[in-house]
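Here is the structure we will look at.
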Amino acid sequence: MSDELVTARIRDYIRANFLDGDPDGELQDTSPLLEWGVLNSLNTVRLVGYIREELGVKVPPVAVNGANFRDVRSIAALVSAQQSVKGGAP
Amino acid sequence: MTPVSGPPVLTADMFLLHAPSVYDFRERDDMLFAYLSDSDSVNVTGVYEMYPIGWFSLRQHLAEHGLDVKIVNVASLMLQYPDLDVRRLLGYLRAPVYGFDIHWMAHCHGAVELAAEVKSVHPGALTVFGGISATYYAEELARHPAADVVVQGYDTLEPVRALVDTVRRGGRDLAAIPNLVYDAGERRTGFTHKPAENYNNAVNDWSYYQGTPADSPLTSKLIMTLPNTGCAHDCGWCGGSKFAYRNIMGVRRTLITKDDDLVVRELATMGEAAKHTSIYALQCYSENKRRMHRYLDAVKDAGYKSVSFEQFVLTPEDTLKKMGESTESYIMLSPESHDPRISKAAGRGTYTMEQMEAWIPRALDAGIKGVMIWFFIGMPYQDRQSVMDTVAYSEHLIRKFKGWAALPLVCPMVPFLDPGSRFFEEPDRHGYRIFHRTLADHRRAMVEPLWHRRLNYETEWLSRRDLQDVSYDAVARLVEVKGEYGVLPAFFAETILRAIAETRALLGEMERALELDGRLPAELRDTIRAYNRKVLAYSSDQIVPAERPFGGRWFDDFTVPPELLAAVREPVGAAPGERRSP
């Protein structure tokens, strides 16, 4: 899965599940999810579940940190990096 | 013990030290900090690293009288830094008085042991205990060599202020300070200081918590508010009930409220950070409508992200509407059982499950984001079948409300039935049998290898062993159901089920070894140590059943600076006995 597609799917999931669809299109890929309170503990568990079950990427608990979950872009980068590890890609 | 070099010592007029439940819990291989043995209802470990929120009031009240109180969460520091040399840390904490809590008895072992360490490191200092459980066991606690003074009552702001003021001036004559038990229990100053109208009017100042970075979204900011002390309710199992307060504290009026204005000021102390802070609104089930609505206005004005409200009745519609308009609101109901007879015996039973199911859609329509429904194991009349029927009823709720909108949870009453509660004091009348009566009994129980033997009670309907077994059966089945209906991501459900299976197997092995050999073999001890390290590496709870790293919670330590921490941690590779001492 390309980085662009991963980013789009994470963005869409957050919009649909945590922002009531984000009708005003406020969510950007660099929007601070922690500071906005979009990602609380409950939502993070649901997002990690989505990444595992729909994107096929297991996020280890130690990687669920403020840096990796800062915004859509950083989450997508984490997912892509984990995909590479899984697939053995450089 | 004087540090000769290194970081400067921390000084205060009083240190409040929150101990782990068991001291020293690290590397223990003779008892299991088993999954679910801390009930898994709150985001802490079996070390119970959350200190009483009343400590904020003490700190604030003494600050208003020019006294410096510092809170050090030793339990949390020991979890975060397993190589922490606690004695060395204590050497850097200098005050004439050190205070301790035993917080619903969970700390009856650790707090007393830590106080003994303090007396060893600072022989001239005074160790002081307070709180509801300390009041109940005041004389026995005061007879322990580690406890110099016990302050009785739940209005201890002024007695503690007078005590610290006297001792810091070098005084040791405590006879004029009310509510004290000291000199090995030989001297008492009379339990005369009772809650006045405005006894707990201290603002909890959350400003220290504003700027702390969120290291993980799993530990996003959560504070607690406590608008009153005491209780308007009378649950038979609770040591904070009307029955318990009247007997332990010798008062008639059991509910004392904080001034509205002060609660509002307290909410304002988070400043801009309120926007990404959630509140757990403790004891708002004792609040009347006027005060509740004022609180909601203040929450809205301050801009808090969300609030979870504990409710003992089905919230009326005008309050629901106001909750929905004020913030993201969650309601925590606790019928304790689906069975009305058991629910009523547990002190609830103010609504039927049919009424609750009719109320939930109205709550959601009013803007409530979710309702959590807690069931309890260990109540009168509750047998194994009844517990599993509660789980079956939970499945019905999940199917009907699609999970998170109305989320059922179940937990056992552990580790203790509160001393002072009606069921503890009148066990025969309510179908209970009490195993541990004294403070010493409870201290021994806290280090029992198996958690069902830690319990201080069983009922006519469930033995201690039954309580353990049915707790695992119930939580496992509920987790399975949540996995099946997609409430929990499948791998979270699988992880919990694996943890339960591993825990039960290990408990079984330990029980067999203890029964057959009377001891735990070395190989099994290695397994226990490895298990404990794993379980105590993260916090978790059933609401968000993920491994959550320590740090960033309001009760984690914010007092000990990094340079001091660095100085009191074991050098890597240090052999036992090579610990540095100040």
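Every number here is computed from the coordinates shown, using simple stated rules; none is lab data. Note that the structure is predicted; figures quoted are calculated from it, not measured. As a convention, Cβ positions derive from the backbone with ideal geometry for all residues, glycine included, and neighbour counts pool all protein chains shown.
With Cα atoms defining each centre, region B:2-80 and region B:324-355 are spaced 33 Å apart in the structure.
Count Lys and Arg as plus one, Asp and Glu as minus one, and take only other residues whose Cβ is under 13 Å from that of residue B:551; the net charge is then -1.
Normalised by 2.2 N^0.38 Å, where N is the number of residues, the C-alpha radius of gyration of region B:1-83 stands at 1.36. Shape annotation for the protein assembly as shown: C-alpha extents along the principal axes are 73, 61, 58 Å, from largest to smallest.
Summing +1 for each Lys or Arg and -1 for each Asp or Glu, what net charge is found among the other residues whose Cβ lies under 14 Å from the Cβ of residue B:502?
On the way: positive: B:498, B:504, B:533, B:534; negative: B:494, B:509.
Overall, the nearby charge balance is +2.
Taken over the Cα atoms of chain A, the convex hull encloses 91 Å³ per residue.
For the pair region B:289-308 and region B:126-149, the centres of their Cα atoms are 38 angstrom apart.
Any idea what the relative contact order of chain B is, in percent, if you count C-alpha pairs under 8 Å spaced at least 6 apart? Each step should come with its number before you reach the end.
Numbers: 1121 pairs, mean separation 109.5, N = 582.
Over chain B, the number comes to 19 percent.
In chain A, the calculated helix contribution to ellipticity at 222 nm averages -17500 deg cm²/dmol per residue, counting -39,500 (n - 2.57) for every DSSP H run with n ≥ 4. With respect to chain A, whose longest principal axis is taken over its alpha-carbon atoms, helix A:3-18 is tilted by about 40°. The mean sequence separation of alpha-carbon pairs under 8 Å and at least six residues apart, normalised by the residue count of region B:395-495, gives a relative contact order of 28 percent. Remark: region B:379-386, residue by residue, has Karplus-estimated 3J(HN,Hα) of 8, x, 6, 8, 9, 4, 5, 5 Hz, where x stands for each Gly or Pro and the curve is 6.51 cos²θ - 1.76 cosθ + 1.60 at θ = phi - 60°.
Is the shape of region B:149-269 rounded, prolate or oblate, going by the alpha carbon gyration tensor and its root eigenvalues a ≥ b ≥ c, with a/c under 1.5 for rounded and a/b larger than b/c for prolate? Walk me through the intermediate numbers first.
On the way: a/c = 2.07, a/b = 1.39, b/c = 1.49.
Cα axes put region B:149-269 in the oblate bin.
Quick one: net charge around residue B:140, please, counting Lys, Arg +1 and Asp, Glu -1 for every other residue with C-beta under 11 Å from its C-beta.
Values: positive: B:143, B:437, B:443; negative: B:139, B:441.
Local net charge: +1.
Between region A:1-35 and region A:48-87, the alpha-carbon centres lie 14 Å apart. Packing, as the average of other Cβ atoms within 10 Å across residues, places the peptides B:520-529, B:367-376 in the order B:367-376, B:520-529, highest first.
Across region B:286-291, rounded Karplus estimates of 3J(HN,Hα) from the backbone phi angles (6.51 cos²θ - 1.76 cosθ + 1.60, θ = phi - 60°) give 9, 8, 7, 5, 4, 5 Hz, Gly and Pro being marked x. Bridgeable lysines around residue B:194 (alpha carbons under 28 Å apart, same-chain partners fewer than 8 residues away excluded): B:70, B:242, B:258, B:289. By the rule of a second cysteine Cβ within less than 4.7 angstrom, chain B holds isolated cysteines at B:108, B:231, B:284, B:411. For a label point 7 Å from the Cα of residue A:52 along Cα→C-beta, name the residues of region B:485-503 whose backbone N is under 15 Å from it. Only B:485-500 fall inside the zone, counting backbone N under 15 Å. Annotation: amide H of residue B:222 within the under-5 Å range of B:278, B:554, sequence separation 5 or more or interchain, hydrogens built in the peptide plane.
What 222 nm value per residue comes from the helices of chain B, counting each DSSP H run with n ≥ 4 as -39,500 (n - 2.57) and dividing by all residues, nearest 500 deg cm²/dmol? All intermediate terms of the calculation are to be shown ahead of the outcome.
Details: 22 runs with 224 residues, N = 582.
Calculated mean residue ellipticity at 222 nm is -11500 deg cm²/dmol.
Among DSSP beta bridges whose residues both lie in chain B, state the antiparallel percentage, nearest 5. Just about 25 percent of them are antiparallel.
Taking amide hydrogens as placed 1.01 Å from N in the peptide plane, the amide H of residue B:410 sits under 5 Å from those of B:375, each at least 5 positions away in sequence or on another chain.
Per-residue Karplus couplings for region B:404-420, computed as 6.51 cos²θ - 1.76 cosθ + 1.60 with θ equal to phi - 60°, are listed in order as 5, 5, 9, 9, x, 9, 9, 8, x, 7, 9, x, 9, 6, 4, x, x Hz, Gly and Pro entered as x.
From the largest down, chain B spans 66, 61, 49 angstrom on the principal axes of its Cα atoms.
When only C-alpha pairs under 8 Å and at least 6 residues apart count, what is the relative contact order of region B:150-285, in percent?
Values: 174 pairs, mean separation 35.6, N = 136.
Once divided by the residue count of region B:150-285, the mean separation gives 26 percent.
Nearest 20 debye, what's the magnitude of the dipole of region A:3-88 about its Cα centre given +1 on Lys and Arg Cβ and -1 on Asp and Glu Cβ? If you can, show how the numbers build up before the last one.
Working: 9 positive and 12 negative charges, 97 e Å.
In total the dipole reaches around 460 debye.
Around the amide H of residue B:84, modelled in the peptide plane, lie the amide H atoms of B:570, all under 5 Å away and 5 or more residues distant in sequence or on another chain. Relative protection proxy for B:352-363, B:291-302, from highest mean packing down: B:291-302, B:352-363 (other beta-carbon atoms within 10 angstrom).
Order B:68-75, B:222-229, B:504-511 from most to least packed using the mean count of other Cβ atoms within 10 Å. Walk me through the intermediate numbers first.
Numbers: B:68-75: 22.6, B:222-229: 20.8, B:504-511: 16.4.
With the highest mean Cβ count within 10 Å placed first, the list reads B:68-75, B:222-229, B:504-511.
For peptide A:41-51, the mean count of partner chain Cβ atoms within 10 Å of a residue's Cβ comes to 6.
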